[in-house]
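Here's the structure, in structure tokens; my notes come after.
The values are calculated or read from the model by the stated rules, or taken from the named source; none is laboratory data. Every value quoted in this text rests on a predicted model; they were computed, and no experiment measured them. As a convention, Cβ positions derive from the backbone with ideal geometry for all residues, glycine included, and neighbour counts pool all protein chains shown. Note: accessible area is taken over every heavy atom of the protein model, side chains too, but ligands, DNA and RNA are not part of it. Shrake-Rupley method; radii C 1.70, N 1.55, O 1.52, S 1.80 Å.
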Amino acid sequence: MASPSEAIGQTKTSGQRPQTKILVDGGDPEETIRIKELIGFVDGQTTNPSLIAKNPEIRRLVESGHQLTEQEEAAEYRKIVQAVSPLVGDAGVSIEVFADLNTTAEEMLRQGREMYTWIPNAYVKYPCTAEGLKAVQRSVAEGIRVNITLCFSQQQAAAVYAATKGTRTPAYVSPFVGRLDDIGQNGVDLLRNIKRMFDQSDHHVHMLAASIRSVQQLLYTFHVRSELVTVPAKVLEQWAKQGMPLPGDDFEYKPVGAEIPYEPLNLGQPWEQFNIEHELTRKGIQKFVADYKATLRKAS
Ligand code: E4P
């Protein structure tokens, strides 16, 4: 019978922990506990409005017809991250502000300041938009740890770099692999390009690979030495079942779409000079808003 490493090829099973920090991409503390028992550690956690809407307690409330106000939804979110907070290591727990396409930097910052007090290891997640980056700049100046989400291009990652200069702790940028695959691109190329760009930097931004849909993508994040990766429980369960392999020296990733070429960019520019527009960032915001509002609407 083939060993797990032979079965998936170009990998080696290993009792070793990857250098890349592993975060659980979810909104249910029970799931985090299960994964921690399964793989032996969890470095951190990321949440977002869609994942919070799927939390079993929130679903139970909604299905029982209870009308959640925005304040109650925030209180539930707080309860969830307070339960997750002590379970994870030093990569912290990312908490995402509720923002639609019209939300101002001021409003995002108001939420971010509040969310940051919920737990001692919080990272506030802001969208990679102009208003989001203004909120990020002010958060960094106040010493709030940040994670800039819905990143789909190297230019956006460069803008994050410029907007977070002077941060006291590493800022996270979250490039979304799976959603780029969904539009016919080879999503992991963005990880490779961002790492290459940041190789010649002061390293105040850490890459947190997101929207991971398969064990191969997870192995790719190890292969490019992403500082962090956030992974749904389902993929971590598959990885554990295969013996928690790490990529071998001859690791190869079969492209799933068109190549995303590397762009030479000047990281010394102000963030406003980068092109931060991306269709998927707008769509991502709209999806988060829809999932968040659905929990409120269904409850009424
Ligand atoms: C994490 O920060 C992201 O919100 C998450 O990875 C998105 O994943 P998805 O594209 O599978 O929704």
* Structure fact -> With label points set 7 Å from each Cα along the Cα-to-Cβ direction at Arg113 and Arg282, the distance between them in nm comes to 3.1 nm
* Asked: When the Karplus curve 6.51 cos²θ - 1.76 cosθ + 1.60 is applied with θ = phi - 60°, which whole-Hz ³J(HN,Hα) does each residue of segment 147-161 get, with x for Gly and Pro?
  -> 10, 9, 9, 6, 9, 10, 8, 5, 5, 5, 5, 5, 5, 4, 4
* How far apart, in nm, are the 7 Å Cα→Cβ label points at Glu259 and Lys234? -> 3.1 nm
* Computed [θ] at 222 nm, helices only, for the chain once each DSSP H run of length n ≥ 4 contributes -39500 (n - 2.57) -> -13500 deg cm²/dmol
* To do: Apply 1/(1 + (r/R0)^6) to the Cβ-Cβ distance of Ile33 and Thr169, taking R0 = 30 Å, and write down the FRET efficiency to the nearest 0.05.
  => 0.70
* To do: Enumerate the amide H contacts of His206 below 5 Å, restricted to partners 5 or more residues apart or on another chain; note that Pro and chain-start residues carry no placed amide H.
  => Ala171, Tyr172, Val173
* Structure fact -> Probe 1.4 Å, heavy atoms of protein chains only: per residue, the accessible area of the chain in Å² is 44 Å²
* Asked: Ordered by residue, what ³J(HN,Hα) values in Hz, to whole numbers, does segment 228-240 give under the Karplus form 6.51 cos²θ - 1.76 cosθ + 1.60, where θ = phi - 60° and Gly and Pro are x?
  -> 9, 9, 10, 9, x, 3, 4, 6, 5, 5, 5, 4, 5
* To do: Would you work out what percent of the accessible area of segment 1-150, with all protein chains in place, is carbon or sulfur (probe 1.4 Å)?
  => 49 percent
* In nm, to one decimal, how far is the modelled label at Asn102 from the one at His203, with both set 7 Å along Cα→Cβ? -> 4.5 nm
* Asked: Roughly speaking, to the nearest percent, how much of segment 151-272's 1.4 Å accessible area is carbon and sulfur?
  -> 49 percent
* Structure fact -> Charge dipole of the chain built from unit charges on the beta carbon (Lys, Arg +1; Asp, Glu -1), centred at mean Cα; most positive-end Cα among Gly166, Gln45, Thr32 is Thr32
* In Å, what Rg and Dmax follow from the Cα atoms of the chain? -> 18.7, 59
* To do: Take each of the peptides 162-169, 272-279, 174-181, average the number of other beta-carbon atoms within 10 Å over its residues, and list them starting from the highest.
  => 174-181, 162-169, 272-279
